[in-house]
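First the structure, in the form of structure tokens, and then the observations on it.
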Amino acid sequence: MSKDNLQILVLDDEPIVGKRLKTALEKNGHEVEVFEDSRLALRRLDERDFDVIVTDVRMEEVDGIQVLERVLERSARTKVIVITGYATVEVAREALAKGAFDFIAKPFKPDDLRQVIQKAAEALEG
């Protein structure tokens, strides 16, 4: 698998976040699907596997921790990166304890996420 063509799903209930991340990640040659509704994202996850999932923690209906658990039930190789504007040590610890690959606090620069995705790509290859 090439590091520059990852299949990435971005889930964030703020449309601007998904839009910005999609643009930034596609510049690196990744294939990106963006969802604002966690239920629709879960449905999509049932249809296909992704290399990397970037999910917000706080959302209506289904939160990022539940998404993380669901993804890892289906595919242990998928790397889940959790993002949140409500970064607390507890939230980060819970996400990592449940198997998240990494955790990024908002606001962050697209480059910060690109670096974490690069690490995820290396982990997928290794």
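Examine the stretch 74-81 for a residue that is buried (at least 21 other Cβ atoms within 10 Å of the Cβ) and at pLDDT below 95, and state whether such a residue exists.
No.
Which members of the stretch 21-36 meet the condition of being among the charged types (D, E, K, R) and modelled with pLDDT under 95?
Selection gives K27 alone.
I need every pair where a residue in the stretch 57-75 that is assigned to a loop (DSSP other than H, G, I, E, B) and of a type in the set (K, R) has its Cβ under 7 Å from the Cβ of a residue that is surrounded by 13 or more Cβ atoms within 10 Å (Cβ to Cβ) and modelled with pLDDT under 90, sequence separation at least 6 or different chains.
That search, which allows pairs on different chains as well, returns R58/T84.
Out of (1) loosely packed, with under 15 Cβ neighbours inside 10 Å; (2) in contact with a Ser or Thr (Cβ under 6 Å, 6 or more places away or on another chain), the odd one out for V62 is which?
The failed condition is (1).
Which of the residues belonging to the stretch 41-51 are of a type outside the set (K, R), surrounded by 12 or more Cβ atoms within 10 Å (Cβ to Cβ) and over 14 Å from V17 (Cβ atoms)?
Correct list: L42, L45, D49, F50, D51.
Under the condition of being hydrophobic (A, V, I, L, M, F, W, C) and either out of contact with any strand residue (DSSP E or B) (no Cβ under 7 Å at 6 or more places or on another chain) or part of a helix (DSSP H, G or I) (or both), which residue from the stretch 83-107 is surrounded by the fewest Cβ atoms within 10 Å (Cβ to Cβ)?
V89
Out of L21, L40, report the one residue that is on the phi < 0 side of the Ramachandran plot, assigned to a helix (DSSP H, G or I) and free of Cβ contacts under 8 Å to residues at least 12 places away in the same chain.
L40
Could you check S38 against (1) over 17 Å from D111 (Cα atoms); (2) surrounded by 17 or more Cβ atoms within 10 Å (Cβ to Cβ); (3) more than 14 Å from the chain's Cα centre (by Cα) and say which number it fails?
With respect to (1) over 17 Å from D111 (Cα atoms); (2) surrounded by 17 or more Cβ atoms within 10 Å (Cβ to Cβ); (3) more than 14 Å from the chain's Cα centre (by Cα), S38 is out only on (3).
Which of the residues spanning the stretch 71-126 are under 14 Å from the mean Cα position of the chain (by Cα) and among the β-branched types (V, I, T)?
V71, T78, V80, I81, V82, I83, T84, I104, V116, I117
Can you name the residue in the stretch 1-35 that is under 13 Å from the mean Cα position of the chain (by Cα) and among the β-branched types (V, I, T) and, of all such residues, is nearest to V54 (Cα to Cα)?
The residue in question is V10.
The values are calculated or read from the model by the stated rules, or taken from the named source; none is laboratory data. From a predicted model like this one, the values you see are computed outputs, not experimental measurements. Because the Cβ atoms are built from the backbone with ideal geometry, glycine has one as well, and the counts that use them run over all protein chains shown.
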